Amino acid sequence: MVTAPASDIRKGVRRMTASKERVFIRTLHLVLSIPILGYLYGPVAQIPQAAWFTRWIAMPLVILSGLWLWLKPRIRRWLGLAPSSSALVSRQRLS
């Protein structure tokens, strides 16, 4: 189980666990897919505000959330936010 560093706990910073983050992003992904289905199979394309929301808000967020769920470890590694595998090995040896 991953816990927050003691300095974060003292400051009152609450971190989201990995499982809660996945549930949140999956829910967002599924909920925002509903307007896209309405756009494709329903009358949403004829309603200007709904069509704008679907094209410019829902669709990009669904794409980004899907990519994040799929490629999160690679993106974090590429940005230098995730520890390298050698750092993980050295941490395990210390404990």
(message) If each residue of separation counts as 0.36 nm, what is the full-extension length gain between Trp78 and Ile57 once their alpha-carbon separation is subtracted?
(response) 4.9 nm
(request) Please turn the phi angles of the stretch 32-42 into ³J(HN,Hα) values with the Karplus equation 6.51 cos²θ - 1.76 cosθ + 1.60 (θ = phi - 60°), one per residue in order, whole Hz, x for glycine and proline. (result) 6, 6, 4, x, 5, 4, x, 5, 6, 10, x
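Read-outs: derived from the displayed coordinates by stated rules, not from any lab. Since we're looking at a predicted model, the values are computed, not measured.
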